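Each reported figure results from applying straightforward, stated rules to the coordinates on display, with no laboratory input. Keep in mind that what you see is a predicted model, and the values were worked out from it rather than measured. Glycine also receives a Cβ, built like all others from the backbone with ideal geometry; neighbour counts cover every protein chain displayed.
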Amino acid sequence: MTIKPRFKTYGTLVLAPHRLAQVAGLAFVLGSPLWLNHAQAQTTTSAAPTNGSWQQCATLTDDREARLGCFDRWATQQPAAALLSALPAASGAAENLADNTALVSDLPTRPAEPAVPLQPVTITMLAPAAHNCKNPQFSEFSRFWELEAGSDCGTFAIRGYRPISLSWIGANSVNTQPSSSAPAQPYNANETRIQLSVRTKIAQGLLTQDEPLRRDSLWFGYTQQSYWQLFNSELSRPFRTTDHEPEITYIYPTDAELPGGWRLRYSGLSVVHQSNGQSLPFSRSWNRTVLMAGIEKGKQFQVQARLWRRMSEAAVDDDNPGIENYIGRAEVLGLWNVNQANTLGATLRHSLRSEANGSVRLEWLRAISEGAIPGSRSDLRFHTQLFSGYGDSLIDYNRRRTVLSIGLTLVDW
């Protein structure tokens, strides 16, 4: 290894300036007879030694330590150039130093510290493309169900599911006596509806672990819908009813080309429980298994289809017999993203029986502002919705209602 300290050179010797005094002293100690003879010869032809000169140090022959210390003090007072010019004057000492190179080489030196290059610092606030379920370059279904590696945001994070909304609703009627065994209540037809809905991915890559680009997933979701008699001071503004809907859903990315530019994007299976958390005679609950699939055309059109079958239960435990004949056995939801700000939707439910019960829901959502990510919409929307049919709530599963709702909705967060 070659070390390159900042040294002065003389002949074949490489000496650091702060070591010159020690070298000079060592030269006098090792070659003192020759040094003194030369000094005496110089004395006969030159002026007498002056105070503080190296000649005075040379006269200290009786005390070796004092002599070496004298040369140290003298050397520290001299500029480097003057010190080097003084060394040739003692030729005998120089020769003696040449004979004792091994001793001089043993003097400790400070190795030069290698320069450490500065590492560049990179600061970024961008999420990696492989973990960004908000990236607008992916389709609506791909981001919602995280069907691809590029739209995957991992497991056990809270996501939005159905819209979270707060709205005023006005209905053509209200069920004041959900059970004949209970007294009628003076409920208002105008009330407030609150819907909360969240989900989390609890597993992924169950069947697609060998496919680098596709992601199947297992989700847990929960939706709660409450009807609040906010304007009913006579009854101290109670919650008229609240429906709870937990579910487990498996989604598989089934990508296939369809006619007209449509694509089949996913298929899935759910197990759903829905109840209002009440005891008899107001209890309403049922369980069902749901098959589902989603198709889309670009980013403008999405269609989701769901077909379900009620899980059978004993008649004595059936809180709402024949509920599937009213609410329905199948559902089709269509969305049209008219432009960056406006979305139109329609949901049709059907009993798949000759009675043709079910419901229809029409809605319009308008983004309040642009989204935080360039090219995306705001998560907060103004919504207007019109519903007509059965199953607006579980307590009214066998009562036909027409309901207009206006409010704010939080989606796709």
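Show me, for region 342-347, the HN-Hα J-couplings you get by feeding each phi into the Karplus relation (A = 6.51, B = -1.76, C = 1.60, θ = phi - 60°), rounded to Hz, glycine and proline as x.
Using θ = phi - 60°, the values come out as 10, 9, 10, x, 9, 10 Hz.
Using the Karplus equation 6.51 cos²θ - 1.76 cosθ + 1.60 (θ = phi - 60°), what ³J(HN,Hα) coupling, rounded to whole Hz, does each residue of region 252-266 give in order, writing x for Gly and Pro?
With coefficients 6.51, -1.76 and 1.60, one gets 10, x, 9, 9, 8, 6, 10, x, x, x, 7, 9, 7, 9, 7 Hz.
In nm, give the distance between the simple-model label positions of Asp72 and Gln209, each being 7 Å from the Cα along the Cα-to-Cβ direction.
Rounded to a tenth, the inter-label distance reads 7.3 nm.
Given a Förster distance of 51 Å, report the FRET efficiency between Leu291 and Leu235 from their Cβ-Cβ distance, rounded to the nearest 0.05.
My answer for the efficiency is 0.80.
Among the aspartates and glutamates, which fall within straight-line cross-link reach of Lys134, defined as a Cα-Cα distance under 16 Å, with same-chain neighbours fewer than 8 residues apart omitted?
Straight-line reach from Lys134, under 16 Å: Glu146, Glu148, Asp152, Glu370, Asp379, Asp412.
If you rank Thr241, Thr155 by fewest surrounding Cβ atoms within 10 Å, what's the result?
Ascending Cβ contact count within 10 Å gives the list Thr155, Thr241.
So for Met311, Met292, fewest C-beta neighbours within 10 Å to most, what's the order? Kindly include the intermediate steps, with their values, before the conclusion.
On the way: Met311 12, Met292 18.
Exposure proxy ranking, most exposed first: Met311, Met292.
Tell me, what is the percent relative contact order of region 134-410, built from C-alpha pairs under 8 Å that lie six or more residues apart? If you can, show how the numbers build up before the last one.
Working: 704 pairs, mean separation 41.0, N = 277.
The value is 15 percent.
Would you mind ranking Phe156, Phe387, Phe71 by Cβ crowding within 10 Å, fewest neighbours first? Display every interim value, and only then the final one.
On the way: Phe156 9, Phe387 19, Phe71 24.
If I rank by nearby Cβ atoms, fewest first, I get Phe156, Phe387, Phe71.
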